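Structure first, commentary second.
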Amino acid sequence: MAALVIAEHDNNSLKASSMNTVTAALECAGEVHVLVAGHQCGAAAAAAAAIAGVSGVLVADAPQFADGLAENVAAQVLALAGGYTHILAPASAYGKNIAPRVAATLDVAQISEISRVVTPDTFERPIYAGNAIATVRSADAVKVITVRTTAFTAAAGGEGHVATIDPVPAVAGSASSVFVSRELAASDRPELTAAEVIVAGGRGIGSGDNFKMLEPLADQLGAAIGASRAAVDAGYAPNDWQIGQTGKIVAPRLYIAVGISGAIQHLAGMKDSKVIVAINKDREAPIFAVADYGIVGDLFEVVPELARELARAR
Ligand SMILES: Cc1cc2nc3c(=O)[nH]c(=O)nc-3n(C[C@H](O)[C@H](O)[C@H](O)COP(=O)(O)OP(=O)(O)OC[C@H]3O[C@@H](n4cnc5c(N)ncnc54)[C@H](O)[C@@H]3O)c2cc1C
């Protein structure tokens, strides 16, 4: 049995999600290959070849893959699918755009957002916003899987390990879509889904201007800043900061929830965090039920004080 991992990358480096997906693939099959479909993506391919456990890297290097268009990458995956029992992609926007196209064309059921590999044909996946775990068995000859990356540790770079890198013939680009432009939010902070520490704000913060008060605390901790959906919907924070069922799934070492009540849809995105700290003036707020440490108090006093104390302790 061999598994193919669809690498998420920017042509120069691999996204952390690719490493977590490799770990899941290694639990599915004895041999794991990684597909790097990109343009001038030699550096990303070399990074994939250095991942422990990966035995081969397939590189489709052509202009039609430069921007990761799902139609083109899915066609490339389908051209290679014949040799694999498992095809895995991270359950990120990138992977979720590609995997269903592959599954539909192969006429197999996609297995979405697995959180555990029980056996090579049986998987666990969260349902009902993470309130229940379904165990699903697939009888399909090829299992097309997206991986909840926070549920799998990242495969390490192998010490001195280098897998073979083989170019594969690039399929033609699809005429059905063209890349027009990309708007990237530039930030010096870590990316939310890869951050070790996250400071997240909710509706309790009260305004977009008030949200800036999270920055000194985040600066002290080298943290990413996230938000609840209520804060995003109110325009206090940008859309790509949203954490939860309809936002990003995160599992940092430390999650500080500020003025967030702890609705189940929010918990669905962060309850696997290793240590959760909640700051809320309402001692009955449900967030305290999942918090390891809780501070009942006014966030406008607690947050600046916490930032000051951290600065003093340095
Ligand atoms: C289908 C669906 C999907 C959803 N997806 C998501 C999702 O992905 N992510 C998400 O977050 N939500 C999601 N929601 C919304 C979710 O149900 C909640 O409405 C939302 O999480 C509430 O956000 P909040 O905790 O910031 O706001 P609130 O529930 O209004 O809580 C604000 C908190 O701030 C506290 N507070 C106020 N002032 C202060 C102060 N001065 N000091 C300290 N504490 C204070 C209050 O005590 C309160 O607990 C979804 C809902 C649905 C129906």
Problem set entry | Residue under evaluation S55, criteria (1) assigned to a strand (DSSP E or B); (2) under 23 Å from the mean Cα position of the chain (by Cα), criterion not met | (2)
Exercise. Take the residues of segment 211-220 that are in contact (Cβ under 8 Å) with a residue 40 or more places away in the chain and within 15 Å of the ligand (Cβ to nearest atom): which is surrounded by the fewest Cβ atoms within 10 Å (Cβ to Cβ)?
Worked result: M213
Exercise. What about A45, is it assigned to a helix (DSSP H, G or I), in contact (Cβ under 8 Å) with a residue 12 or more places away in the chain and either surrounded by fewer than 23 Cβ atoms within 10 Å (Cβ to Cβ) or of a type in the set (S, T, Y) (or both)?
Worked result: no
Exercise. Hey, does segment 67-77 have a residue that's buried (at least 17 other Cβ atoms within 10 Å of the Cβ), touching a Cys at 6+ places or on another chain (Cβ under 9 Å) and either more than 29 Å from M270 (Cα to Cα) or of a type in the set (K, R) (or both)?
Worked result: no
Exercise. Counting only residues that are among the small types (G, A, S) and closer than 21 Å to I98 by Cβ, how many does segment 113-141 have?
Worked result: 3
Exercise. Of the residues that make up segment 128-137, is at least one of a type outside the set (A, V, I, L, M, F, W, C) and farther than 24 Å from A251 by Cα?
Worked result: yes
Problem set entry | Positions within segment 237-250 being within 9 Å of the ligand (Cβ to nearest atom) and not in a strand (DSSP E or B), in sequence order | G244, Q245, T246, G247
Exercise. When only residues in segment 290-301 that are without any contact (Cβ under 8 Å) to a residue 40 or more places away in the chain and within 13 Å of the ligand (Cβ to nearest atom) count, which is farthest from I127 (Cα to Cα)?
Worked result: E301
For this session: Quick one: in segment 272-289, of everything that is more than 10 Å from the ligand (Cβ to nearest atom) and crowded, with 18+ Cβ neighbours inside 10 Å, which residue is farthest from the chain's Cα centre (by Cα)?
Result: V277
Problem set entry | Answer from A195, A223, A227, A231 - the residue that is buried (at least 19 other Cβ atoms within 10 Å of the Cβ), more than 14 Å from the ligand (Cβ to nearest atom) and at pLDDT 95 or above | A223
For this session: Within segment 169-188, identify whether any single residue is more than 13 Å from the ligand (Cβ to nearest atom), surrounded by 19 or more Cβ atoms within 10 Å (Cβ to Cβ), aromatic (F, W, Y) and in contact (Cβ under 8 Å) with a residue 40 or more places away in the chain, and answer yes or no.
Result: no
Problem set entry | Wholly within segment 113-157, strands (runs of 3 or more DSSP E) carrying at least 3 residues that are surrounded by fewer than 21 Cβ atoms within 10 Å (Cβ to Cβ) | 116-119, 122-127, 132-137
For this session: Please enumerate the residues belonging to segment 251-268 that are within 9 Å of the ligand (Cβ to nearest atom) and either under 18 Å from A218 (Cβ atoms) or over 22 Å from the mean Cα position of the chain (by Cα) (or both).
Result: A257, V258, G259, I260, S261
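The values are calculated or read from the model by the stated rules, or taken from the named source; none is laboratory data. Just so it is clear, the structure is predicted and the values come from calculations on it, not from any experiment. Every residue, glycine as well, gets a Cβ built from its backbone with ideal geometry; the counts of neighbours run over all protein chains shown.
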